[in-house]
Amino acid sequence: MIGQGNTAEIYNYSEKVILKLFREGMPQDTVEREARCAESIGGVFPDTPHSLGIVRYRNRLGILYEKVSGTDMIREMFRHPFRFGSYGKTLAQIHLKMHRIDIELPYTLKERIKYLEIN
């Protein structure tokens, strides 16, 4: 396991693929919806990891994703604080680009939050 969150654990699946393995009991339609969202986002933002499909492991569902090597921007900011302004500008440019694109997703953020509150 290389990471975990509220709904899933992340594993190295192979040298170029990771597995987001959802916790037992996660509804199949939720996993399928997330996979569709990843495909939609990948079609608009080619720099994001691509979804490679849904798999079943024992009693759990997972999504395979293209593995991206490297570190995150926050870690880099702490290692190189003198570049903070440059990283902040880059992050702002990425967010601006994201918010300029209208993308149709299988659910709204409001629906997702409501689901998380129930579960």
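Observations
- Matching entry among 15, 34, 24 (being touching a residue at least 24 places away in the same chain (Cβ under 8 Å), within 23 Å of residue 101 (Cα to Cα) and not hydroxyl-bearing (Ser, Thr, Tyr)): 34
- Filtered residue count, segment 1-34, keeping only those that are touching a helix residue (DSSP H, G or I) at 6+ places or on another chain (Cβ under 8 Å) and on the phi > 0 side of the Ramachandran plot: 0
- Scanning segment 1-42 for residues that are in contact with a Ser or Thr (Cβ under 7 Å, 6 or more places away or on another chain), at pLDDT 90 or above and under 15 Å from residue 66 (Cβ atoms) yields one hit, 35.
The values are calculated or read from the model by the stated rules, or taken from the named source; none is laboratory data. Note that the structure is predicted; figures quoted are calculated from it, not measured. All Cβ positions, glycine included, derive from the backbone under ideal geometry; neighbour counts span all protein chains shown.
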